[in-house]
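The values are calculated or read from the model by the stated rules, or taken from the named source; none is laboratory data. Source: prediction; values computed, not measured. Because the Cβ atoms are built from the backbone with ideal geometry, glycine has one as well, and the counts that use them run over all protein chains shown. Side chains are part of the model used for accessible areas, which takes the heavy atoms of the whole protein and leaves out ligands, DNA and RNA. Shrake-Rupley method; radii C 1.70, N 1.55, O 1.52, S 1.80 Å.
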Amino acid sequence: MIDVLVVGGGPAGAVAATVLARAGARVCVVDRSAFPRDKLCGDTVNPGTLAVLRRLNMAAGIDVCGLPVAGMRVTGERGVAVEARYTNGVAGRALLRRHLDSMLVQDAMAAGAQFETSVTVRRALVDENRVTGVQAGGHAFEGELRARVTIAADGRHSAIAFGLGLARHPLRPRRWAIGAYVERNAATSPPVDLGEMHVRSGRYVGIAPVPGGLTNVCVVKPWQPGDPALGDPRAALADELSRDAVLRERFAGARFVGPPVMLGPLAVDVTDAGIDGLLLAGDAAGFIDPMTGDGLRFAVRGGELAADAALQALEHGWAGVHRRLKARRQAEFAAKWRFNRLVRTLVASPAAVTAASWGARLVPAALHAAIEYAGDVGRA
C-alpha cells in the first residue's frame, strides 16, 4: 500500500506530493486529465506565492519562463485609474497554467512521486469511518486505489468532497467566469509589466500578458443557469469588453485564440468534518473568488500544510491532526479570507464601487497598500 494518494495534479496536489516525497513517503498522484492541460485562471503567480515556491525550490522554471508582473493597474468607475508597483523591485510572474502545473508536477516526480494521468476518481472508499483510498477508473484501469492517507486536491468540483457531503455551492454569490486568450498587440496589452484589474459595479475584468504573444482576459460577474450568456461565452465576453468605456477600443479588433472557457458557479463552501484518512487541499478545501489573485497562494501554501499534516498522521496517527491543520490554515489564511470577502462585497455594490473609486482618486496610497497586501508581498 502506498503512503499517500494525492487526487489532483494541480498546484496544491503537486506541492503536497513534492513535500511528501522529499520526506521519504511513497506518493502517488492521479489526475483526470492528460498533461499538459489548459485551465481557466488569471495566469499570474503573485509575489507571495512565488516566494513560497522559491522557498520550496520549485520556482526555477517559473522564474525563467514567466513574464515579470511588477504591480497592478486598477481602474474603477468614472475613469479612476491607479498604478502601483510592488516595493523593493519585487515581482510576480505570468505564465499559462498548462505550463505552471506541468512544471510543478515535474518537481513532484523528480522528488520520487508517481504520477498517473487520465484517471477519474469516482468516490472515496470509507471503511469504519476512515477514508482508505478511492474508487477510480481510466483508459487502462478500473478499481480501488488504497493508501494510508488520501489528499483530495481535485479542485472545486471535487468528487471526494462533494461525494462525502463536505462541499456545496452556496446560494450566494453565484458568479461565473469567462476567460480567453487574445493575440497581444500594443492595444490589448500596453507595454508595461503590470497586471490589470478593472472593477465595475457587479463585475470585474482581469487582464494579464502571458508568454507566447497572448493576453489573458477574464470577466467575472453574476449569471444564472439558463442565461443566454452562458450558452455563448464568446459573445458574452465580447459584449462585456465592448460596453466598457476603458476597454472597448483596446479590444475592438482583438482576435481570440481558441474558444473562451466558462467556469461557474465559482463559490464552493466546504465543511471539513475531520475524517481520518482524508485531508483537503486547494480548491477542494473551498474555492476563493479569484479577484485578488489569492487562489494560487491558497493552493500552494495549503498543499504544503496538507503535506505536513499527512506526515504527522503517518508518523503519529490521526489524533489531533485535523485540529492542528485547521488552526494552521486559520492562522495562514483568515485575514486574506476576510479581505477577499470585503472586496467581493464592494464589487457587488454600485454605491461602494463609486465610493471606492473616489477614495482611490483622493487617497491613492490606500489603494497602493491594498495592492501590496493582495500580492502577499513579503510573505513566504
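What the table shows:
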| item | result |
| --- | --- |
| Selection count, the stretch 329-339, where residues are surrounded by 15 or more Cβ atoms within 10 Å (Cβ to Cβ) and either more than 14 Å from Ala299 (Cβ to Cβ) or among the hydrophobic types (A, V, I, L, M, F, W, C) (or both) | 3 |
| Subset of the stretch 45-71 [open to solvent by 10 Å² or more (accessible area, probe 1.4 Å) and of a type in the set (A, V, I, L, M)] | Ala51, Leu56, Ala60, Val64, Leu67, Val69, Ala70 |
| Within the stretch 1-30, considering residues that are charged (D, E, K, R) and more than 18 Å from Gly302 (Cα to Cα), the one most open to solvent (accessible area, probe 1.4 Å) | Arg26 |
| Filter result for Val119 (in contact (Cβ under 8 Å) with a residue 60 or more places away in the chain, under 30 Å from Glu144 (Cα atoms) and more than 21 Å from the chain's Cα centre (by Cα)) | yes |
| Residue count for the stretch 267-305, restricted to those that are open to solvent by less than 40 Å² (accessible area, probe 1.4 Å) and closer than 19 Å to Gly195 by Cβ | 12 |
| Scope the stretch 2-20; condition more than 17 Å from Ser102 (Cα to Cα) and not in a strand (DSSP E or B); matching residues | Leu20 |
| Search result, residues across the stretch 200-211 that are of a type outside the set (Ser, Thr, Tyr) and either over 15 Å from Leu241 (Cβ atoms) or at pLDDT 90 or above (or both) | Gly202, Val205, Gly206, Ile207, Ala208, Pro209, Val210, Pro211 |
| Residue match in the stretch 252-263 (condition: basic (Lys, Arg) and crowded, with 17+ Cβ neighbours inside 10 Å) | no |
| Among residues of the stretch 201-244, those that are touching a Pro at 6+ places or on another chain (Cβ under 9 Å), surrounded by 16 or more Cβ atoms within 10 Å (Cβ to Cβ) and among the charged types (D, E, K, R), counted | 1 |
| Top-ranked residue of the stretch 150-173 - restricted to ones that are open to solvent by less than 20 Å² (accessible area, probe 1.4 Å) and aliphatic (A, V, I, L, M), ranked as nearest to the chain's Cα centre (by Cα) | Ala153 |
| Criterion violated by Arg379 - all others in (1) modelled with pLDDT of 65 or more; (2) assigned to a helix (DSSP H, G or I) satisfied | (2) |
| Entirely in the stretch 116-186, the strands (runs of 3 or more DSSP E) that have 1 or more residues that are within 26 Å of Gly231 (Cβ to Cβ), among the hydroxyl-bearing types (Ser, Thr, Tyr) and touching a strand residue (DSSP E or B) at 6+ places or on another chain (Cβ under 7 Å) | 175-183 |
| One residue from Ala281, Ala309, Ala319 being at pLDDT 95 or above and under 12 Å from the mean Cα position of the chain (by Cα) | Ala281 |
| Residues being closer than 27 Å to Ile160 by Cα and either among the small types (Gly, Ala, Ser) or part of a strand (DSSP E or B) (or both) - total across the stretch 85-109 | 2 |
| Number of the condition not met by Gly42 [criteria: (1) under 18 Å from the mean Cα position of the chain (by Cα); (2) open to solvent by less than 30 Å² (accessible area, probe 1.4 Å)] | (2) |
| Failed item, numbered, when Ala147 is tested on (1) open to solvent by 40 Å² or more (accessible area, probe 1.4 Å); (2) in contact with a Gly (Cβ under 6 Å, 6 or more places away or on another chain); (3) aliphatic (A, V, I, L, M) | (1) |
